[in-house]
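Read the structure below first, then the notes.
The values are calculated or read from the model by the stated rules, or taken from the named source; none is laboratory data. What you see is a predicted model; the values in this text were computed from it and never measured. Note that we place each Cβ from the backbone using ideal geometry, even for glycine, and neighbour counts take in every protein chain shown. These accessible areas exclude ligands, DNA and RNA; they are computed on the full protein's heavy atoms, side chains included. Shrake-Rupley method; radii C 1.70, N 1.55, O 1.52, S 1.80 Å.
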Amino acid sequence: MDVSGLTISQVRDLLRCPDGVNTVLLDSLDADPRAGVRRLALRERRRRKSVVAERARLEKMRVLEKRLHARGLHRIAGVDEAGRGPLAGPVVAAAVILPREALIPGLNDSKVLTPDRRSRLYERITETAVALGIGEASAAEIDRINILQATYLAMRRAIKGLGVPPDRVLVDGPGVPGSPFPESAVIDGDAASLSISAASILAKVTRDRKMAVFHSEFPEYGFANHKGYGSADHRRALRVHGPCRIHRLSFRGVRSDSDSESALESAGTAGGATGKDGRPPRAAIAQSQLFRTGTRGENAAAATLARTGYRILRRNYRAAGGEVDLIVSNDHAIAFVEVKTRASEGFGPPEIRVTPEKQRQIARVARAYLQRHPSPGLAPRFDVVAVHYRGGSPRIRHLESAFRPEI
């Protein structure tokens, strides 16, 4: 084929129409004396090689589905999740049934894709899929039934959301969620199955978008950046603000009660206070236990308030020679909260230990806080949250306007 009469720009336009490109044309471009034309030919050959390799990769990822199709199973649902490891937010699962012959270029395990690439593939998958479903389990559900069972719960909800009964469910990982349909566990399924790969992208993009919404509600935690995972910035925000309503209180990174050894060290060995055997004395051990119980109660109180619509503004706020356990707000009030925790039946209700002197101290701290952080339109209020641990589970009572000191 003679291409000598074509300009380089015309050759480029010709190569943009793949149907008109064949080996004869590329051979002619390779032989052209112009370096620019030869470079275009080389680029086109590399593109074609990449397309062939990508198709081979996708065909390899379709082997599981093809075997099932050959057995007369047509609706193959891939299932995967996102968000098992974070300290906050739901775990999200997706179920996807792709058309039998679908090959979506670039489809891969969501973890190896850039956010932009995932978003583009998300749109392509939703346009192509025969059926898809999204399911999630909240932070509260994760705390109640553990992360593994919550993941399976989210998967079952996603499968139910398909709207059509799948002939087979392919699940990423070593276990299956126990849906009403035939299930197969596929180790590293997001890299071995097109259907599971598609589900991994839908689950990841859906969860990331949910965390961006939570970021607008709780900007102090930076959810848009770390998506709830335990980054240094996230842990720092937890130390300052405590958990909000979407934190997983059962996760170690959210529980801020100190490790036994470090607590004993700070309580019992400060200033060299140790017994003859080198261990902290009994008084220090008791102090450490009280410290851990108090911190545990504050965590439970903060989580309960967050889940009932309060915004945690500060934890352990110090000013004017005193400290307030929690400062919270809602649409109507800013509350200065004293948390009282007990682990036994003795000593009466925890709230009675908020003495008049303690009330005056809290009022001074509140006055200092409001001077630095005015809250127009919000009425100041003094609350007590009583936390009683019985059998490991806290019983929590929130007493609004528990006392009324002058500020």
Residues that are in contact (Cβ under 8 Å) with a residue 24 or more places away in the chain and open to solvent by 10 Å² or more (accessible area, probe 1.4 Å), drawn from the range 100-109: Arg100, Ala102, Leu103, Pro105, Gly106, Asn108, Asp109
Is it the case, given these coordinates, that Gly297 is at pLDDT 50 or above and surrounded by 14 or more Cβ atoms within 10 Å (Cβ to Cβ)? yes
Please enumerate the residues belonging to the range 164-194 that are modelled with pLDDT of 95 or more and crowded, with 23+ Cβ neighbours inside 10 Å. Pro166, Val169, Leu170, Val171, Pro177
Kindly provide the set of residues from the range 208-246 that are open to solvent by 40 Å² or more (accessible area, probe 1.4 Å), among the aliphatic types (A, V, I, L, M) and in contact with a strand residue (DSSP E or B) (Cβ under 8 Å, 6 or more places away or on another chain), ordered by number. Val240
Looking at the range 129-146, which of its residues are open to solvent by less than 40 Å² (accessible area, probe 1.4 Å), outside any strand (DSSP E or B) and either acidic (Asp, Glu) or under 16 Å from Gly175 (Cβ atoms) (or both)? Glu141
Can you list the strands (runs of 3 or more DSSP E) found entirely within the range 308-407 that contain at least 3 residues being open to solvent by 20 Å² or more (accessible area, probe 1.4 Å) and either at pLDDT 85 or above or not aromatic (Phe, Trp, Tyr) (or both)? 311-319, 333-342, 379-390, 393-399
